[in-house]
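One structure is given below, encoded as structure tokens.
The values are calculated or read from the model by the stated rules, or taken from the named source; none is laboratory data. These numbers were taken from a predicted model, which means no experiment stands behind them. Here Cβ is always computed from backbone atoms with ideal geometry, including for glycine, and neighbour counts include all displayed protein chains.
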Amino acid sequence: MSVAEPELSVDFFAGVLGWTVIAEPGGSFSGWVGDRLAAQVVAGEQGWRVVFGGDGARELTQDSSVDTGRVLHGPWAPPPRQGEPCWVELLTSTPDESDEFWKRELGWETADGDRGFDLYTSSRHGDPRPVAGTMHSSLGVESMWSVYFAVDDIESVCARVSELDGEVRLKPSRLPIGLVASIEGPHGGSCGLLEQPAGWGGQWSSKLGSS
């Protein structure tokens, strides 16, 4: 995540999500849950950058890229713990163009979701599993990725957000993915919260038989 005030932002999210923060070279910071990297926070104004596992490291579009090696979070990774990424969603005003791009670049397929949400699925390691969500916008906004983090108790986490001068942009609400909320830090950065996801994508994780 790139924000104007990376140190203040990472401290906020660490206070909310329980990260252990490590200062990195160049003024960036990493947030950890146990031995797994949850996020990196750097100076900038682009918001979230999503890195997908795949063959051949390369840049993609909408602030995303591909890297090789072990994937830390996703449908074939261990179940997400509090403070770890547990889902990503792409907001786009050009759904057909986006679908073709991700099918071509990462071999994804599409599946119907529910209530305006659709799914991208991947069969990279066997049976198809939900790998990302997509929401269609008619407002002509620039396509962008959003990230959800797992929390054990969404009400208490939202209360903590307010205590730390953050904003709860969407109060806990029931969506097809599960019980979610949206928050924004006082120094930049926003994300979604998902309560007690059983796997990557919460309730989507069982849609195609994932566990």
## Note on the structure
Contact list, first residue from segment 155-178 and small (G, A, S), second anywhere and surrounded by 12 or more Cβ atoms within 10 Å (Cβ to Cβ) and modelled with pLDDT under 95, beta-carbon distance below 7 Å, six or more apart or interchain, is G178/Q203
### Query
Applying the selection to segment 12-37, what residues are of a type outside the set (V, I, T) and either in a loop (DSSP other than H, G, I, E, B) or in contact with a Ser or Thr (Cβ under 8 Å, 6 or more places away or on another chain) (or both)?
A14, G18, W19, E24, S28, G31, W32, G34, D35, L37
### Message
If I filter segment 168-192 down to residues being outside any strand (DSSP E or B) and modelled with pLDDT of 95 or more, which single residue comes out as farthest from the chain's Cα centre (by Cα)?
### Response
P186
### Task
Report yes if V157 is in a strand (DSSP E or B) and under 30 Å from W32 (Cβ atoms), otherwise no.
no
### Message
For a quick check of your reading of the model, give me the residue pairs whose first member lies in segment 183-202 and is over 10 Å from C86 (Cβ atoms), whose second is basic (K, R) and surrounded by fewer than 24 Cβ atoms within 10 Å (Cβ to Cβ), with beta-carbon atoms closer than 9 Å and at least 6 apart or on different chains.
### Response
I183/R169; E184/R169; S190/R169
### Query
Does at least one position in segment 201-211 carry a residue that is in contact with a Cys (Cβ under 6 Å, 6 or more places away or on another chain), buried (at least 22 other Cβ atoms within 10 Å of the Cβ) and not in a helix (DSSP H, G or I)?
no
### Query
Would it be correct to say that G178 is farther than 17 Å from G83 by Cα and surrounded by 19 or more Cβ atoms within 10 Å (Cβ to Cβ)?
no
### Message
Take the conditions of a type in the set (S, T, N, Q) and within 16 Å of S143 (Cβ to Cβ) and apply them to S28. Does it pass?
### Response
no
### Query
Of the residues that make up segment 159-174, is at least one in contact with a Lys or Arg (Cβ under 8 Å, 6 or more places away or on another chain) and either crowded, with 16+ Cβ neighbours inside 10 Å or not hydrophobic (A, V, I, L, M, F, W, C) (or both)?
no
### Task
State the number of residues belonging to segment 150-190 that are of a type outside the set (A, V, I, L, M), closer than 24 Å to P130 by Cβ and touching a Pro at 6+ places or on another chain (Cβ under 9 Å).
1
### Pair list, Cβ < 9 Å and 6+ apart or interchain, from segment 131-144 residues that are acidic (D, E) to residues that are part of a loop (DSSP other than H, G, I, E, B) and surrounded by fewer than 20 Cβ atoms within 10 Å (Cβ to Cβ)
E142/Q62; E142/S93
